[in-house]
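The values are calculated or read from the model by the stated rules, or taken from the named source; none is laboratory data. Predicted model, so just to flag it, every value in this text is computed and none were measured. Here the Cβ is made from the backbone with ideal geometry for all residues, glycine too, and neighbour counts use every protein chain on show.
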Amino acid sequence: MSDVALTTFEHVYEVDPRLMQRWVLQQTFPNWDTLRIMNARHDHLDWMHRHFADKVLSGSELLAEVDGEDGSPDS
């Protein structure tokens, strides 16, 4: 976790709002709405994948490719 991130709930990371006061006005955001959004994120990603993705990769697959561990001739 970074110095600029806050953990409001388990697995919910937010940028410290104090860092955004100059350029982006912050609004009051109730905890229940944060939890509603976080609980719906997988449904949203599933919808996006069904409608827009030709292929879905895991983060570990991408890291392996970047690190050259995928065994491809390009690495």
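The set of residues in segment 7-16 that are surrounded by 10 or more Cβ atoms within 10 Å (Cβ to Cβ) and under 16 Å from ILE37 (Cβ atoms) comprises THR7, THR8, PHE9, VAL12, TYR13, GLU14, VAL15. For segment 55-62, the condition of being among the small types (Gly, Ala, Ser), surrounded by 10 or more Cβ atoms within 10 Å (Cβ to Cβ) and free of Cβ contacts under 8 Å to residues at least 40 places away in the same chain holds for none of the residues. For TRP32, state whether it is part of a loop (DSSP other than H, G, I, E, B) and either at pLDDT 80 or above or loosely packed, with under 10 Cβ neighbours inside 10 Å (or both). Considered against the rule, which asks whether it is part of a loop (DSSP other than H, G, I, E, B) and either at pLDDT 80 or above or loosely packed, with under 10 Cβ neighbours inside 10 Å (or both), TRP32 comes out as no. Selection of first residues in segment 8-25 that are on the phi < 0 side of the Ramachandran plot and of second residues that are polar (S, T, N, Q) and assigned to a loop (DSSP other than H, G, I, E, B), restricted to Cβ pairs under 7 Å at least 6 apart or on distinct chains, gives the following pairs, ordered by first then second residue: PRO17/GLN26; MET20/GLN26. Of all residues in segment 57-72, exactly one satisfies the criterion of being within 26 Å of PHE9 (Cβ to Cβ) and either acidic (Asp, Glu) or part of a loop (DSSP other than H, G, I, E, B) (or both), namely SER58. If HIS44 passes every condition in (1) modelled with pLDDT of 90 or more; (2) surrounded by 11 or more Cβ atoms within 10 Å (Cβ to Cβ); (3) within 21 Å of VAL15 (Cβ to Cβ); (4) not small (Gly, Ala, Ser) but one, which one does it miss? Evaluating HIS44 over (1) modelled with pLDDT of 90 or more; (2) surrounded by 11 or more Cβ atoms within 10 Å (Cβ to Cβ); (3) within 21 Å of VAL15 (Cβ to Cβ); (4) not small (Gly, Ala, Ser) leaves (2) as the failure.
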